[in-house]
Amino acid sequence: MGRPGPGTWGSLAAVLSWAPIARTLPPQLIIPGALAYCAVATAIGIPAATLTARACHRDDPSHVVIDEVAGQMLTLVAAPLTFKAQLAGFLLFRAFDIVKPPPIRLLERLRPEGVGIVVDDLGAGLYGLIVLQLLLHFGIVK
């Protein structure tokens, strides 16, 4: 089995950096904090990804991982800080980001380039958020 790609490392960085931040926040600020983390990654990611894609003449450069950070954080917005919930959120986001179920793949075409690069990952993050919340609701993940 090969080494995980840059997107996996970007997602893992989001999970590992979020946990210590969230633990410092009062409980009522955890969801707004996760949303802010996602929003900042998106706000930085779109122009940065656009510039990078243009500079290296690639539609979605693999070394750009801020999009995975934004999408991963969207999946984790309302997730408890338990190991199982964070792991499930990580795995769900990566699965949706890799498979790109409809209409996520269409989002890659949005322009300028950075919009498509980041927004398709936000789509995967939204799918991950929905499925994770269902798994939590039905007690499949705790």
Looking at region 48-142, what helices (runs of 4 or more DSSP H) fall wholly within it and have at least 2 residues that are touching a Gly at 6+ places or on another chain (Cβ under 7 Å) and either in contact (Cβ under 8 Å) with a residue 40 or more places away in the chain or acidic (Asp, Glu) (or both)? 66-76, 83-99, 113-137
Test residue 96 against the criterion of being at pLDDT 95 or above, out of contact with any helix residue (DSSP H, G or I) (no Cβ under 7 Å at 6 or more places or on another chain) and among the hydrophobic types (A, V, I, L, M, F, W, C), and give yes or no. no
Subset of region 67-81 [touching an Asp or Glu at 6+ places or on another chain (Cβ under 9 Å) and either of a type in the set (Lys, Arg) or surrounded by fewer than 24 Cβ atoms within 10 Å (Cβ to Cβ) (or both)]: none
Could we say that residue 13 is free of Cβ contacts under 8 Å to residues at least 12 places away in the same chain, within 27 Å of residue 59 (Cα to Cα) and in a helix (DSSP H, G or I) here? no
All conditions in (1) of a type outside the set (Asp, Glu); (2) modelled with pLDDT of 95 or more; (3) on the phi > 0 side of the Ramachandran plot are true of residue 83 except (3)
When (1) at pLDDT 95 or above; (2) farther than 18 Å from residue 85 by Cα; (3) over 16 Å from the mean Cα position of the chain (by Cα); (4) not small (Gly, Ala, Ser) are applied to residue 54, the one that fails is (1)
For region 109-131, what are the residues that are farther than 19 Å from residue 44 by Cβ, over 13 Å from the mean Cα position of the chain (by Cα) and surrounded by 14 or more Cβ atoms within 10 Å (Cβ to Cβ)? 131
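The values are calculated or read from the model by the stated rules, or taken from the named source; none is laboratory data. Given the structure is predicted, the values throughout are model-derived calculations rather than measurements. All Cβ positions, even for glycine, are placed from backbone atoms using ideal geometry, and neighbour counts span all protein chains on display.
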